[in-house]
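Novice: To start, I am sharing the structure in question, which I have written as structure tokens.
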Amino acid sequence: MHENLFEPLTMGALEAKNRIFMAPLTRGRATLPGVVPNEMMTTYYRQRAGAGLIISEATGISVEGSGWPGAPGIWSEEQIDGWKPVTDAVHREGGLIVLQLWHMGRLVHPDFLDGAPPVSSSATTAPGHAHTYEGRKDYEPARALSIEDIARVVEDYRKAAENAKKAGFDGVQLHGANGYLIDQFLRDSTNLRDDKYGGSPENRARLLREVLTALIDVWGADRVGLRLSPNGETQGCDDSDPAATFGAAARVVQDLGIAFLELREPGPEGTFGSTEVPKQSPLIRSIYSGPLILNSDYDAVQAAADLEAGRADAISFGRPFISNPDLPERIRTGADLAPNKGVPQSWYGRGPEGYIDYPTLMEQSAAA
């Protein structure tokens, strides 16, 4: 079924065996206190190696940028060593995996920073509550990054990219979406700067360009991707003119010639975030000529339709991959998809339940 989802796709140096990609999914299973990848995570990713491309869960580039309980990092040797069995396992199953590089900016609670304030494009405070090891707490005011700070953050990204290469990944994806640091610089509700990183859409996209350039220096443009969320508010991050803002971002990625661009685009009836703001993918498609991956509330029918119409080159699935480790095979055979256990309680748990205990079709058949 849906044959076009099973055509290979070339993205720079990456050769995806199908167009059913696994979207980045924060799951919070890294071993404490060093938030180190572990054997359970190796099993989880190996189980899902049938995806055309696995985009890893968001992974902190530094202590400063990390503020989610149990989310892994890539700044220490211990973390590098923890990721190696993960990438090895995926490769043994014939899969591809890139590491998503994450700096949360103002969404890091001071509890993760020994009481220091988080950093952002400007001195703003995110709405709502942070998840901490002690429970939910109000976000606190961020400190605006100085020009010197920005240069240091760019180097943190570069070092993380080098570490990802040591860990055996096939490339990296910059997390530029969902109200995190890159998004905080891109959007005018959070970027109130009056220097070369603020004001015009092109200035607000300057950090995006600098970070992507650093990643390209390490990997080459043909192994670097980007994720954006160009329509609607997310975690208090919004924009008064998304076409201008994300048109500028699209010109950056076109200029740099990166391997792929992924867009999270919820609609007005989204099941995990919704918005009336029009999708920007048609505009971005007109500017960026490389492979475009779309994400948010897709089923196989709509995914195949959007590929057929030329709106996308691949579709990334998030929540369906949680409970269906062999999602491509289930789509190929028309099998029913398994529901998520204990939604959403099991998504961010610490143990194997709701993480690595979902059976594949083959396992179900063997048990029948």
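Where a number appears in this text, it was derived from the coordinates with a stated rule and is not lab data. The shown structure was predicted, so the numbers you read here are calculated from the model rather than taken from an experiment. Glycine gets a Cβ as well: all are built from the backbone with ideal geometry, and neighbour counts include every protein chain shown.
Novice: Straight-line reach from Lys341: which lysines have a Cα under 30 Å away, not including same-chain ones fewer than 8 places off?
Specialist: Lys17, Lys84, Lys137
Novice: Another question, if that's okay. Could you run the Debye sum over the Cα atoms of the chain, one equal point scatterer each and no solvent, and tell me log10 of I(q)/I(0) at q = 0.11, 0.12 Å⁻¹, two decimals?
Specialist: -0.70, -0.85
Novice: At a 10 angstrom cut-off on C-beta neighbours, averaged per residue, how do the peptides 256-268, 184-196 rank from highest to lowest?
Specialist: Working: 256-268: 22.1, 184-196: 19.8.
Going from most to least packed, we get 256-268, 184-196.
Novice: Distance from the Cα centre of the range 30-52 to that of the range 123-196, in angstrom?
Specialist: With the range 30-52 and the range 123-196 each reduced to a Cα centre, they are spaced 23 Å.
Novice: Which of the peptides 222-229, 90-97 is most tightly packed, and how do the rest follow, judged by the mean count of other Cβ atoms within 10 Å per residue?
Specialist: Order by mean packing, descending: 222-229, 90-97.
Novice: So, one more: Cβ neighbours within 10 Å, averaged per peptide: list 297-308, 49-60 in order, most packed at the top. Can you show the working numbers first?
Specialist: On the way: 297-308: 16.8, 49-60: 26.2.
Ranking, from highest mean packing down: 49-60, 297-308.
Novice: Right, here's the next one. Divide by every residue of the chain the summed helix terms, -39500 (n - 2.57) for each DSSP H run of at least 4, and state the resulting mean residue ellipticity at 222 nm, rounded to the nearest 500 deg cm²/dmol.
Specialist: On the way: 12 runs with 119 residues, N = 368.
Taking each H run of at least 4 residues, the total per residue is -9500 deg cm²/dmol.
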